[in-house]
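I have placed the structure first, in the form of structure tokens, so that the comments after it can refer back to it.
Just so you know, all these numbers are worked out from the coordinates, no wet-lab data involved. Small disclaimer: the values here were computed from a predicted structure and weren't measured. All Cβ positions, glycine included, derive from the backbone under ideal geometry; neighbour counts span all protein chains shown.
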Amino acid sequence: GENVEQHPSTLSVQEGDSAVIKCTYSDSASNYFPWYKQELGKRPQLIIDIRSNVGEKKDQRIAVTLNKTAKHFSLHITETQPEDSAVYFCAARPGGFKTIFGAGTRLFVKA
Amino acid sequence: DAMVIQNPRYQVTQFGKPVTLSCSQTLNHNVMYWYQQKSSQAPKLLFHYYDKDFNNEADTPDNFQSRRPNTSFCFLDIRSPGLGDAAMYLCATSRDGTAGEQYFGPGTRLTVT
């Protein structure tokens, strides 16, 4: 069935270093891949997304890459800051209304 | 300006006592979703409305129902809450079902005593 695997489950980096979170999806019909940041007790917030006709997208310190052949997509955060600490969810939409979420990555950025 | 509003933000109910959570949106989006999110887990889709068409996920318990009286409002009814239903309930909207952004509300944290 539809599935999104996300790794690692926990990631700890030093302030200023880069963080990379990787996801793999199973449904080749997936055509939209959002990334959400969720701080404790708050709503998931979209931080970047990519559609299946694009291989890479960048927004300031955040970038996402997509490899459709391998069904991989990754989030890259450069120059991490303590305020980047949160849980990050990748997701895939295989058409229609359902969004399949990964299990989440808890990112700690140490000052 | 708030786009997806959920009330209340915190709700305490007793075991077995029906409870209703509400969601409203100012985006005029066609689709409204209800998700359940338990601690340290991903949001789990319970159901969604595309306009007036209701779509239930296969694994959503019968204990959960929803109503959408108009475009702006959507309600989640839990008929007989159990301890396992304690969670954050997130409402979300999207313009349509194509590849587009979902907008989440702030959530209602439900406690069952």
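Longest stretch of chain B clear of exposed loop sites (trypsin sites (Lys or Arg not before Pro), DSSP loop, at most 14 other Cβ atoms within 10 Å, sites excluded): B:10-37.
Under the definition of partner shielding as Cβ atoms of other protein chains within 10 Å of a residue Cβ, what is the mean value for peptide A:96-105?
5
In the range A:46-111, which chymotrypsin sites (Phe, Trp or Tyr not before Pro) are in a loop and have at most 16 other Cβ atoms within 10 Å, using DSSP for the loop call?
Sparse-neighbourhood loop chymotrypsin sites (Phe, Trp or Tyr not before Pro): none present.
Summing charges over all other residues whose Cβ lies under 10 Å from the Cβ of A:Leu107, with Lys and Arg as +1 and Asp and Glu as -1, gives +1.
A simple charge model with +1 on the Cβ of Lys and Arg, -1 on the Cβ of Asp and Glu and nothing else charged puts the dipole of chain A at about 280 debye relative to its Cα centre.
Residues in the range B:67-78 carry Karplus couplings, in order, of 9, 9, x, 7, 4, 7, 10, 8, 10, 10, 10, 10 Hz; the curve used is 6.51 cos²θ - 1.76 cosθ + 1.60 with θ = phi - 60°, and Gly or Pro positions show x.
Taking the Cα centre of the range B:1-56 as the origin, how large is its charge dipole in debye, to the nearest 20, when only Lys and Arg (+1) and Asp and Glu (-1) carry charge on their Cβ atoms?
With Lys and Arg at +1 and Asp and Glu at -1, about 300 debye.
Which percent of the Cα-Cα distances in the range A:59-99 go past 15 Å? Roughly 57 percent, rounded to a whole number. When the Cα positions of B:Asn55, A:Pro82, A:Gly104 are compared along the charge dipole of the protein assembly as shown, B:Asn55 comes out farthest toward the positive end, with charges on each C-beta of Lys, Arg, Asp and Glu. Once C-alpha pairs closer than 8 Å and six or more residues apart are averaged by separation and normalised to the residue number of the range B:51-107, the relative contact order reads 21 percent. A quarter of the convex hull surface defined by the alpha-carbon atoms of chain B gives 6.8 nm² as the mean projection.
For each pair in A:Lys22/B:Lys52; A:Lys110/B:Lys38; A:Lys68/A:Lys110, compute the distance between the two Cα atoms and list the pairs where it is over 31 Å.
Correct reply: A:Lys22/B:Lys52; A:Lys68/A:Lys110.
A cut-off under 12 angstrom between Cβ atoms defines the neighbours of A:Lys22, and their net charge, with Lys, Arg +1 and Asp, Glu -1, is 0. Convex hull volume per residue, computed on the Cα atoms of the range B:58-113, equals 114 Å³. Rg over Rh for the protein assembly as shown works out to 0.97, using Cα positions for both radii and the Kirkwood form for Rh. Roughly how many whole Å is it from the C-alpha centroid of the range B:61-110 to that of the range A:10-68? So the separation of the two Cα centres works out to 24 Å. Only Cα sites of the range A:1-81 enter the Debye sum here, all with the same form factor; the resulting log10 I(q)/I(0) across q = 0.11, 0.20 1/Å is -0.30, -0.98, listed in q order. Sparse packing (at most 11 other Cβ atoms within 10 Å of the Cβ) combined with a DSSP loop state is found for none of the trypsin sites (Lys or Arg not before Pro) in the range A:23-111.
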